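Structure record follows, encoded as structure tokens.
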Amino acid sequence: MHNITLIKGDGIGPEIIDAVVEIIKAAGVDINWDIQIAGADVIEKEGSPLPNRVIESVKRNKIALKSPVTTPIGKGFRSVNVQLRKELDLYANLRPCYNLPNVKTRYDKVDIVVVRENTEDLYAGIERQVDENTAESIKIITRQASERIAKFAFDYAVKNNRKEVCVVTKANICKLSDGLFLECAREISKNYPQIKFREILVDNCCMQLVQNPNQFDVLLLPNLYGDIVSDLCAGLIGGLGIAQGANIGKDYAVFEPVHGSAPDIAGKDLANPTAMLMSGIEMLNYIGETDAASRIKLALFETLNADIKTFDLNGNAKCSEFTQAIIERLKVLAKC
Ligand code: NAI
């Protein structure tokens, strides 16, 4: 039996995470879910969108599965996601991005892993209103955080038989901050002679990604570029509905999709649970449930191959229908 924190989120969060919990249950994995609610809904009662009980739960269980939480834009409380990553020191944001079967896009054979630094950069949220007409944000980049994320990217590359790590910065303009990130990546790369090391500026990287994504393998980026580039990469393979992610630290790991709470489709049974499911599959691999992880992935791929797809992938299955189709395939696989 595994004890795992379940952060339900809001918007499409509850629909997609409930779907994934149902699928994991159907695969026969014994999990005691410690359900924790965070976000706007708990502020009034508990005084914070991320009450301490949520952090304590992840500290206790070490692992969490999380669906998206809405952050007010331009005002209101600080992002629950950013705070969670900071409080638990989940320094590595890992976003593998590859084509799924029967999901047609402009590109074939995309296989990129985005490794995003997850604790600093402009996400530190250090901002001030200088005067009525001027605002200031401070971009923090430290040697310690840059070295450890570079090391994470190279270790990941070695462990997963990847060939190249490409560091992405704007060090021609942000000479000190991005310059330090780049310098650390260069230094760390020397310890991994078996992995090719490449450097690229973020603007050129975006252009190259849409022109020829197949040239990229592992991308290593500071926090903000990593956020933007991983959405771009999601677009290469069919959109946010299928883009998985994980936040990993020394002691804890929180698995969550790349996408947000999608308020435009919330509560309509239209969301694609695939990104959430792929994140759940990686969580199962992480906790050693590799057999169940493989079966779920196979059931998902068979469902897509049978042309059962949600609206974002030009299909007509509702979130609930897509989920049931995966569960039906899992039942068939169990009998094989
Ligand atoms: P979003 O990712 O929620 O949505 C962007 C577009 O993608 C929308 O058209 C949406 O309908 C579509 N989409 C996203 N996920 C989908 C899915 N599973 N199936 C089908 N279509 C899907 O980004 P947006 O609108 O910029 O942000 C909404 C809220 O989410 C904001 O408050 C933002 O701060 C928050 N957010 C939370 C994250 C997290 O909790 N980790 C990550 C990113 C954003």
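Inspection of the stretch 307-323 finds no residue satisfying the criterion of being within 25 Å of ASP34 (Cα to Cα) and of a type in the set (D, E, K, R).
Every condition in (1) away from the ligand (no atom under 12 Å from the Cβ); (2) in a loop (DSSP other than H, G, I, E, B); (3) more than 18 Å from the chain's Cα centre (by Cα); (4) surrounded by 16 or more Cβ atoms within 10 Å (Cβ to Cβ) is met by LEU100 except one, and the failing one is (3). Here is the figure for the stretch 51-71: residues that are free of Cβ contacts under 8 Å to residues at least 60 places away in the same chain, in contact with a Ser or Thr (Cβ under 9 Å, 6 or more places away or on another chain) and of a type outside the set (Val, Ile, Thr) total 3. Restricting attention to the stretch 248-268, the residues that are within 11 Å of the ligand (Cβ to nearest atom), open to solvent by 30 Å² or more (accessible area, probe 1.4 Å) and part of a loop (DSSP other than H, G, I, E, B) total 3.
The combined condition, being β-branched (Val, Ile, Thr) and within 21 Å of ARG162 (Cβ to Cβ), is fulfilled by ILE200. Of all residues in the stretch 175-195, those satisfying the criterion of being surrounded by 13 or more Cβ atoms within 10 Å (Cβ to Cβ) and either of a type in the set (Ser, Thr, Tyr) or out of contact with any helix residue (DSSP H, G or I) (no Cβ under 9 Å at 6 or more places or on another chain) (or both) are SER177, GLY179, SER189, TYR192. Quick check on ILE126: is it of a type in the set (A, V, I, L, M), in the same structural domain as ILE228 (by TED's automatic domain parsing) and crowded, with 16+ Cβ neighbours inside 10 Å? No. Here ILE242 fulfils each of the conditions (1) β-branched (Val, Ile, Thr); (2) near the ligand (Cβ under 6 Å from one of its atoms); (3) open to solvent by less than 10 Å² (accessible area, probe 1.4 Å) apart from (2). Candidates GLY28, GLY13: the one that is touching a residue at least 12 places away in the same chain (Cβ under 8 Å), within 10 Å of the ligand (Cβ to nearest atom) and assigned by TED's automatic domain parsing to the domain that holds CYS319 is GLY13.
For the stretch 149-174, the set of residues classified as among the hydroxyl-bearing types (Ser, Thr, Tyr) and open to solvent by less than 40 Å² (accessible area, probe 1.4 Å) consists of THR169 only.
Could you pull out every one of the helices (runs of 4 or more DSSP H) wholly within the stretch 270-336 that has 1 or more residues that are within 12 Å of the ligand (Cβ to nearest atom)?
Qualifying helices (runs of 4 or more DSSP H): 274-286, 319-335.
Selection of the stretch 59-97 for residues being in a loop (DSSP other than H, G, I, E, B), modelled with pLDDT under 95, more than 9 Å from the ligand (Cβ to nearest atom) and open to solvent by 60 Å² or more (accessible area, probe 1.4 Å) yields GLY74, LYS75, GLY76, ARG78.
The values are calculated or read from the model by the stated rules, or taken from the named source; none is laboratory data. Everything numeric here is computed off the predicted structure, so don't read it as measured data. Don't worry about glycine lacking a Cβ; one is built from the backbone with ideal geometry, like all the others, and counts go over all protein chains shown. Quick note on the areas: whole protein, heavy atoms, side chains included, nothing else; ligands and nucleic acids left out. Shrake-Rupley method; radii C 1.70, N 1.55, O 1.52, S 1.80 Å.
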